[in-house]
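Shown next, in structure tokens, is the structure this report addresses.
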Amino acid sequence: MFFRGTGNIKGYILVIAIFEAMLLVILYAPAGYLNEALRIVPAASLSVSEYGPGVDLYYGYITVDGREFLVFSSSNLTGALKLLTGRGLEVLNPAVGCKIDRPDVKNYVKDLSGFRVEALGCMGSFIDYSIMAPWNIFQRLTSFINGPVGRVYLKNHVEDGIAVPSAYTVSRNLLKMVRFHQNFLYIISTVILTLSGFVLGLRASSDVKHTLGLLIEMRIPRYSTLFNVFLVISGATVIGIVVGYGLAYVTVPVALIFLRLLLKIPYIYALPDIEAVVNIFPSALLALFSYTTAISLKIR
Amino acid sequence: MLKYCAFTGALVLAMLAVFSPWLANRVPYIGDSWIHLGKAEDIVSSGRMRLEEYNDMWPSINVLIALYSIVTEVIPLTSTQIVPFLVALSAVNLYILLSRVSKKTNAILSIPVALVFTPLYTFITFGSAVMKETAAFFLVTLAITYITSFRLRPLCFIILALGLVLSHHFASLFALIFCTVMLIEDLSSSLNGEVNDLKRSLAAVLILGALTLSWNSFTIYRIGWFSPISRESLLMIVFVSLGVYAIARIGVVSASLFQAFIFPLSALAWRGQLHDIPTPVNTISVWEIRDLAVFIVPALIGLALFWRNKIIRGLLVSTTTLIVFSITSDLGYNGLVVFTKSLHYYALFLSLSLCLFFSFISSKKFGKIISSIILVFLVFASMTGISLAINGPGAYHYVEYAELKKLKDKLHEPVVTDVKLGYISDYLKIGHTMFSRLKGNEYILLTRSDFTHGILLGYVWVELSFFMPSYMMLSSDRLFDGGYIKMFRVNYV
């Protein structure tokens with residue numbers, strides 16, 4: 001086995017991949033799920049009124065190929081979208097929702113406005129079927145709107161002093177809490193992984209030493225072999241991170257579905273955040289460094 | 001000789017099963033049939049193929065029905081049956097594929113029966129249907145068989161891949177994942193200094209990948225993003241396939257154990273007990289669990305025994321990726337749609353594993369008897385499902401079609417109907433809107449299954465009384481009262 005130093009390179013790769021996968025699952029899956037929950041829970045603190053104060057929202061309908069589409073704007077479009085979606089979206093050009101991201105709609109809006117039209121990602125709300133335009137561009141579109149342009153005011157209850165915590169606020173607070181624990185776990189895991197890497201390196205060193213001895217007999221330079229070993233293990237680390245991310249994608253949702261079936265815990269699908277792959281690198285590199293350091297120390 | 005007679009017998013049995021809805025009802029099965037029938041008739045009459053909407057963008061099925069109708073001079077309604085015929089014929093491709101995995105070819109002759117009589121779901125709901133996925137099935141099986149052949153001729157594969165890409169996006173995705181896994185396996189063998197087919201699998205990935213990417217990009221350009229293809233889902237499929245590959249590659253225990261988790265989830269999902277949909281379903285019975293166990297236990301043993309074979313690992317990863325993606329991505333309506341499509345491939349893989357189990361025990365004492373008992377059991381266990389499906393909500397009847405055709409000339413107002421009759425109404429060019437809150441003086445078109453199973457809204461069934469309570473029905477005028485079709489005018493809401 002790898003920890004006895006049998007020289008099985010597959011074993012080394014496997015142990016790194018499993019370590020990375022475990023770390024990734026422990027660290028990132030829960031936060032990823034909660035983050036996704038935050039995205040799908042609407043910012044429920046919202047209310048709509050005919051009268052101000054609040055963020056104004058102007059809306060109407062335009063017809064494209066016989067179908068009517070909602071078009072809206074605001075003098076503070078970023079603020080309005082923040083209230084509607086809970087996300088900080090900045091729309092500088094006219095944009096269409098993901099469900100109507102079609103050439104006929106986009107070309108029509110482009111012809112009317114004279115600006116490039118963007119497509120927004122899906123949000124699971126009416127915005128996916130709507131057209132958004134910054135305030136200055138919306139004013140050009142008003143003449144093409146069927147009927148009068150409506151106006152409402154969006155209000156945030158929390159800001160207005162009606163402090164009823166919405167699911168959104170609760171999720172956000174929970175996410176903050178998880179992030180604290182996540183950082184704590186991250187540090188502990190990095191330490192454990194580094195130490196494990198060092199111990200594994202020490203255990204494997206006798207085997208590497210033996211292999212090097214054989215290579216020297218065959219007149220193959222010692223340092224080029226060491227360099228190649230380092231390259232292989234670095235490659236294994238990168239593969240381990242990516243595969244570990246894939247494992248997190250598969251195992252956590254399946255486990256959650258079983259929890260739903262057995263314990264009736266609601267299942268919320270979520271993608272573990274892609275940035276987890278980047279965040280995991282320092283920890284993985286440190287482990288790799290300690291692994292190779294241990295080998296270098298022993299065979300020096 | 002006896003061997004080929006047995007295979008022919010199994011193939012005929014499989015064909016009878018997939019033709020059963022047509023033989024019983026004399027019209028094609030599942031609503032999509034009417035869309036493709038209409039498009040095929042349009043091609044026959046106009047001699048032109050349109051690329052205007054979703055069902056035009058994978059035109060193989062429309063062209064296939066039209067061509068068959070022109071060549072054989074059979075009316076397009078009957079020509080639709082070329083699709084189930086090809087599905088049954090896929091068993092020949094699978095036999096060739098299995099003969100590369102197992103040398104005991106006698107045992108794998110049972111593949112037509114194992115494929116069509118799987119208890120995981122009622123295969124005829126897919127195999128008898130006239131839809132893009134079904135038309136693509138023959139080409140998918142042919143493609144994976146051809147990729148694993150000893151010699152890959154690029155031109156032949158380009159033609160095959162083009163046919164596949166023009167048949168269905170999900171089928172192309174499955175084939176592409178399979179080719180990619182084969183490429184990774186060959187790359188790994190190459191690094192280990194083992195014999196490999198790296199060039200062949202690389203060529204397959206490049207050809208199929210390029211064609212899939214180009215055609216689907218063109219489709220997105222023409223009609224926009226279509227479910228389940230989106231940026232997020234594609235990214236997710238990549239990582240799910242990596243995860244599934246890792247689990248499958250770690251060892252035979254992890255690969256089999258993972259299937260032992262995924263299989264029950266798939267069975268529950270098929271029985272409507274996993275997704276959040278309003279369709280009323282009965283709890284899975286103990287007898288169904290017994291049927292599933294008879295199928296899955298030997299299939300898992302077959303998988304464990306032949307896990308080392310890269311073709312089996314390729315099929316394992318590609319089919320499991322689709323099923324895991326479908327279950328984990330969404331447990332709502334969209335997830336159900338993707339799950340249904342994924343199940344066809346997953347059941348295919350498990351049927352292959354079952355045949356491999358037969359090939360293993362065929363040389364053992366009582367092996368042949370055990371195999372025969374399991375096969376006969378599966379045939380009988382599937383009979384209930386098949387008989388339910390033939391008269392089920394997805395089935396149309398010739399009388400239904402004839403009555404609607406007769407009614408068509410008398411209709412001057414659009415009618416309110418469900419998705420099932422919506423398909424056939426579109427085909428007969430009857431103006432209609434979908435069920436929603438009913439209003440006075442609306443004309444309601446119903447069919448027999450609306451009363452027995454509920455009304456179909458997309459992929460889900462809702463009880464008729466939800467939209468049309470009994471008091472409303474009693475107070476409505478019954479304008480047409482056929483054996484299948486009923487038409488009401490709402491008086492009181």
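The figures follow:
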quantity	calculated
Hits in the stretch B:445-472 (condition: of a type outside the set (D, E) and assigned to a helix (DSSP H, G or I))	B:R448, B:S449, B:F451, B:T452, B:L464, B:S465, B:F466, B:F467, B:S470, B:Y471, B:M472
Unmet criterion (only one of (1) in a strand (DSSP E or B); (2) within 30 Å of B:K341 (Cα to Cα); (3) at pLDDT 90 or above) for B:M487	(2)
Residues of the stretch B:43-52 classified as of a type in the set (G, A, S) and part of a helix (DSSP H, G or I), total	2
Selection from the stretch A:86-98 of residues that are away from chain B (no Cβ under 14 Å) and closer than 19 Å to A:Y59 by Cβ	A:L89, A:V91, A:N93, A:P94, A:A95
The one condition in (1) farther than 19 Å from B:L213 by Cβ; (2) surrounded by fewer than 16 Cβ atoms within 10 Å (Cβ to Cβ); (3) within 12 Å of chain A (Cβ to nearest Cβ); (4) of a type outside the set (D, E, K, R) that B:P278 fails to fulfil	(3)
Qualifying residue in the stretch B:175-195 (condition: modelled with pLDDT under 95, among the charged types (D, E, K, R), in a helix (DSSP H, G or I) and more than 27 Å from A:A255 (Cα to Cα))	yes
Residue tally, condition touching an Asp or Glu at 6+ places or on another chain (Cβ under 8 Å) and part of a helix (DSSP H, G or I), over the stretch B:1-42	4
Candidate set from the stretch A:71-109 (those that are assigned to a loop (DSSP other than H, G, I, E, B) and among the hydroxyl-bearing types (S, T, Y)); member that is farthest from the chain's Cα centre (by Cα)	A:S75
From the options A:L112, A:L175, residue that is assigned to a helix (DSSP H, G or I), in contact with a Leu (Cβ under 6 Å, 6 or more places away or on another chain), surrounded by 13 or more Cβ atoms within 10 Å (Cβ to Cβ) and modelled with pLDDT of 80 or more	A:L112
Members of the stretch B:1-21 that are surrounded by 20 or more Cβ atoms within 10 Å (Cβ to Cβ) and among the hydrophobic types (A, V, I, L, M, F, W, C)	B:F7, B:A10, B:L11, B:A14, B:A17, B:V18
Cβ-Cβ under 9 Å pairs, at least 6 apart or on other chains, the stretch A:240-251 side more than 7 Å from chain B (Cβ to nearest Cβ), far side of a type in the set (D, E, K, R) and part of a helix (DSSP H, G or I)	A:G240/A:E20; A:I241/A:E20; A:G244/A:E20
Odd one out for B:S425 among (1) at pLDDT below 90; (2) not in a loop (DSSP other than H, G, I, E, B)	(1)
Subset of the stretch A:253-292 that is within 11 Å of chain B (Cβ to nearest Cβ) and at pLDDT 75 or above - its residue that is surrounded by the fewest Cβ atoms within 10 Å (Cβ to Cβ)	A:A255
Residues that are surrounded by fewer than 17 Cβ atoms within 10 Å (Cβ to Cβ) and either of a type in the set (K, R) or more than 8 Å from chain A (Cβ to nearest Cβ) (or both), drawn from the stretch B:239-255	B:G251, B:V252, B:V253, B:S254
Verdict on B:T122 being in contact (Cβ under 8 Å) with a residue 12 or more places away in the chain, within 13 Å of the chain's Cα centre (by Cα), under 30 Å from B:L292 (Cβ atoms) and in a loop (DSSP other than H, G, I, E, B)	yes
Of all residues in the stretch B:137-174 being in a helix (DSSP H, G or I) and among the β-branched types (V, I, T), the one that is surrounded by the most Cβ atoms within 10 Å (Cβ to Cβ)	B:V165
Failed condition for B:P264, given (1) within 12 Å of chain A (Cβ to nearest Cβ); (2) crowded, with 20+ Cβ neighbours inside 10 Å; (3) under 21 Å from the mean Cα position of the chain (by Cα)	(2)
Qualifying positions in the stretch B:53-102 - assigned to a loop (DSSP other than H, G, I, E, B) and free of Cβ contacts under 8 Å to residues at least 12 places away in the same chain	B:E73, B:V74, B:I75
Tally of residues being buried (at least 20 other Cβ atoms within 10 Å of the Cβ) and under 15 Å from A:S75 (Cα atoms) across the stretch A:115-136	3
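Matching residues to (1) farther than 22 Å from B:S99 by Cα; (2) in contact (Cβ under 8 Å) with a residue 60 or more places away in the chain; (3) in a loop (DSSP other than H, G, I, E, B); (4) of a type in the set (D, E):
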| position | (1), (2), (3), (4) |
| --- | --- |
| B:Y245 | yes, yes, no, no |
| B:V281 | yes, no, yes, no |
| B:I312 | no, yes, no, no |
| B:T321 | yes, yes, no, no |
| B:L350 | no, yes, no, no |
| B:C355 | no, yes, no, no |
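The rows are residues; the columns are (1) part of a helix (DSSP H, G or I); (2) closer than 30 Å to B:R50 by Cβ; (3) away from chain A (no Cβ under 12 Å).
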site	(1), (2), (3)
B:A203	yes, no, yes
B:S214	yes, yes, yes
B:W225	no, yes, no
B:M236	yes, no, no
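Table: residues versus (1) more than 14 Å from chain B (Cβ to nearest Cβ); (2) touching a Gly at 6+ places or on another chain (Cβ under 9 Å).
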site: A:L70; (1), (2): yes, yes
site: A:L84; (1), (2): yes, no
site: A:I100; (1), (2): no, yes
site: A:I127; (1), (2): yes, yes
site: A:I145; (1), (2): yes, yes
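The values are calculated or read from the model by the stated rules, or taken from the named source; none is laboratory data. If you're wondering where the values come from, they're calculated on a predicted model, not measured in any experiment. Heads up, the Cβs are rebuilt from the backbone with ideal geometry, glycines too, and the neighbour counts pull from every protein chain shown.
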